[in-house]
Each structure stands twice: as C-alpha cells, then as structure tokens.
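**Q** A single structure is presented below for examination.
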Amino acid sequence: MRKVFVWLFKWKGWKMDVNLPTNCDRCVVIAAPHTSNWDFLYSLAVFFHYHLPVKYLAKKELFRWPFKGIMEKTGGMPVYRHSKNKLVDEMIQLFKDNEKLMLAIPAEGTRSRVKKWKTGFYHVALGANVPLLLGYLDYKKKIAGFGPLIYLSGDPLIDANKIKAFYRTIEGKFPEKFNLEGLVLTTN
C-alpha cells in the first residue's frame with residue numbers, strides 16, 4: 001500500500017524536498033495548506049517514502065468502511081469534532097508515552113476556507129515541549145516537504161509570525177481556501 005501512495009505521487013508529477021533536521025523524531029507536524037482531498041494522499045506518500053513514523057489526526061467519519069483499515073494502518077487517529085473531549089491532553093500524553101513521535105495535524109481543521117485555524121497543534125506542542133515541523137504541499141511548484149523546526153517561545157504573536165512567514169509563499173490546490181491570516185494563536 002505504501003508503494004502505491006509513492007507511485008501515485010510521482011506519477012502525478014510531484015517532487016519531494018525533504019531536508020529533515022536530525023532532531024525531529026519528536027514533533028508536531030503542521031499539515032498546510034489543507035484545501036483538497038489529494039493533500040492526504042500526497043502527505044502520506046512523503047511520510048512513507050522516507051519511512052517516517054507518523055501518526056495523524058483525521059475526522060472520525062473517515063474511520064468507517066471502506067477506509068477504516070487504511071486509516072488505521074497508515075497511522076490515523078480519529079477526532080470526534082462535535083463532542084467535548086480532551087484531545088490536546090490526550091496528544092500530550094501520547095508524547096509522554098512515546099520516545100519517538102511525529103504527530104501530523106491539519107491545523108486549519110478542514111479543506112474549506114476558515115476564518116480561524118484550530119490551535120490544538122500549538123497547545124499540544126507547548127504542552128509536550130516539542131517543536132513544530134512545518135509540513136507543506138506546494139501545488140504551484142508540485143513540491144512537498146518540510147520547512148524548519150520551530151521551537152516555540154510561548155509568545156503566541158511571535159510564534160504565529162514565524163509560521164506565517166514560512167507559509168506565505170506556499171500555494172494549496174485551491175489557493176482561495178487557504179487563509180493564512182486565520183492563524184491567530186493564544187495561550188490558555
């Protein structure tokens with residue numbers, strides 16, 4: 001199955017630009033921009049090609065037949081979006097329980113344009129004391145990869161500005177759906 005993802009990625013004309021820092025075996029990976037269903041397949045192709053031990057969050061509706069097995073075998077973890085839960089606390093605990101973990105989170109929370117990004121990725125990284133790794137899919141250039149590791153300062157404005165500076169030149173499949181200004185971080 002992993003070979004199929006990588007083959008599809010290359011067949012569609014994509015390239016990988018992966019310059020992973022040596023110390024990124026424990027991090028939260030921002031998956032952005034997230035504007036298309038293809039994002040999921042292309043992202044997995046990159047993780048699989050480089051044998052990266054990724055876990056990722058996806059809406060629970062994807063964890064039913066015929067996709068449930070694929071989602072679980074590829075590292076997917078369901079998110080129950082419409083219920084009160086302690087997802088951030090659970091993800092922090094997941095980092096405490098695992099020596100190596102790359103946790104990918106689509107920070108926008110949906111493929112549609114949003115006014116405000118979900119900020120759980122930020123609170124998980126802060127709470128687990130792990131850096132953010134900026135993952136990207138640039139449809140204009142057909143390049144996928146990772147940007148820098150960002151060690152969070154705890155100052156939401158400084159941290160948001162670092163993230164925005166990186167993603168400003170990245171174009172999603174549907175650029176009009178990517179609202180970078182919707183990234184507004186706060187501390188709880």
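**Q** Determine ³J(HN,Hα), in whole Hz, for all residues of segment 120-132 in sequence, where each value follows from phi through the Karplus function 6.51 cos²θ - 1.76 cosθ + 1.60 and θ = phi - 60°; x replaces Gly and Pro.
**A** x, 4, 5, 5, 5, 4, 4, x, 8, 6, 10, x, 9
**Q** Which value, in debye to the nearest 20, gives the size of the charge dipole of the chain about its Cα centre, when Lys and Arg are +1 and Asp and Glu are -1 at the Cβ? Intermediate values should be presented prior to the final figure.
**A** Numbers: 30 positive and 16 negative charges, 142 e Å.
The calculated dipole for the chain is roughly 680 debye.
**Q** Quick check: from the Cα gyration tensor, does the chain come out rounded (a/c under 1.5), prolate or oblate?
**A** Numbers: a/c = 1.31, a/b = 1.14, b/c = 1.14.
Here the chain falls in the rounded category.
**Q** Something else: Relative contact order for segment 101-188: what percent, with Cα pairs under 8 Å and sequence separation of 6 or more? Don't skip to the end; give the middle numbers.
**A** Numbers: 109 pairs, mean separation 29.1, N = 88.
Reported as a whole number, the value is 33 percent.
**Q** Applying the Karplus parametrisation 6.51 cos²θ - 1.76 cosθ + 1.60 with θ = phi - 60° to the phi angles of segment 173-181, what ³J(HN,Hα) value in whole Hz is obtained for each residue in order, glycine and proline being reported as x?
**A** Karplus-based 3J(HN,Hα) across segment 173-181 equals 4, 10, x, 5, 8, 9, 9, 5, 5 Hz.
**Q** For n ≥ 4 DSSP H runs only, could you compute -39500 (n - 2.57) per run for the chain, divide by its residues and tell me the 222 nm figure to the nearest 500?
**A** Working: 6 runs with 60 residues, N = 188.
Helix contribution divided over all residues of the chain: -9500 deg cm²/dmol.
**Q** Here is a further query. Can you put HIS49, HIS123 in order, fewest other beta carbons within 10 Å first?
**A** Ordered by Cβ neighbours within 10 Å, fewest first: HIS49, HIS123.
**Q** In addition: Percent relative contact order of segment 106-148, based on C-alpha pairs within less than 8 angstrom and at least six residues apart? Mind dumping the intermediate values first?
**A** Working: 31 pairs, mean separation 10.0, N = 43.
Rounded, it is 23 percent for segment 106-148.
**Q** Shifting gears a bit: Based on other C-beta atoms within 10 Å, arrange VAL4, VAL28, VAL124 from fewest to most.
**A** Values: VAL4 11, VAL28 27, VAL124 23.
Ascending Cβ contact count within 10 Å gives the list VAL4, VAL124, VAL28.
**Q** Next question, about the same structure. Towards the positive end of the charge dipole of segment 41-157, with charges on Cβ (+1 Lys, Arg; -1 Asp, Glu), say which of MET71, TYR122, GLY154 has the farthest Cα.
**A** MET71
**Q** Could I ask something else about it? Compute the relative contact order of segment 57-153 as a whole-number percentage, counting only Cα pairs closer than 8 Å that sit 6 or more residues apart in sequence. Numbers along the way, then the final one.
**A** Values: 92 pairs, mean separation 18.4, N = 97.
Relative contact order here is 19 percent.
**Q** Among SER112, SER36, SER43, rank each residue by its count of other Cβ atoms within 10 Å, from fewest to most, as a rough exposure measure. Let's see the in-between values first.
**A** Numbers: SER112 11, SER36 16, SER43 23.
Least to most surrounded, the residues fall as SER112, SER36, SER43.
**Q** Scan around LEU101 for amide H atoms under 5 Å from its own, H built in the peptide plane at 1.01 Å from N, and keep only partners 5 or more places away or cross-chain.
**A** ARG26, CYS27
**Q** Still on this structure, please answer the following. Measure out, as a whole number of angstrom, how far apart the alpha-carbon centroids of segment 101-123 and segment 127-171 sit.
**A** Using only Cα atoms to place each centre, the spacing works out to 12 Å.
**Q** A further question on this structure: Who wins for biggest fluctuation among PRO148, PRO156, PRO33 in a Gaussian network model of the chain, springs between alpha carbons below 10 Å?
**A** PRO156
**Q** Here is a follow-up. Taking +1 at the Cβ of each Lys and Arg and -1 at the Cβ of each Asp and Glu, which of THR35, ILE170, ILE105 sits farthest along the dipole of the chain towards its positive end, judged by Cα position relative to the Cα centre?
**A** About the Cα centre, the residue reaching furthest to the positive side is THR35.
**Q** Taking a threshold of 19 Å on the Cα-Cα distance, which of the pairs LYS96/LYS162; LYS118/LYS177; LYS100/LYS162; LYS15/LYS141; LYS115/LYS164 fall above it?
**A** Numbers: LYS96/LYS162 26 Å; LYS118/LYS177 15 Å; LYS100/LYS162 25 Å; LYS15/LYS141 9 Å; LYS115/LYS164 15 Å.
In this structure, LYS96/LYS162; LYS100/LYS162 lie more than 19 Å apart at Cα.
FYI, it's all coordinate maths here, none of it is from the lab. Predicted, not measured: the structure shown is a model, and the values here were computed from it. When we count neighbours, we look across all protein chains shown, and the Cβ atoms used for this are built from the backbone with ideal geometry, even at glycine.
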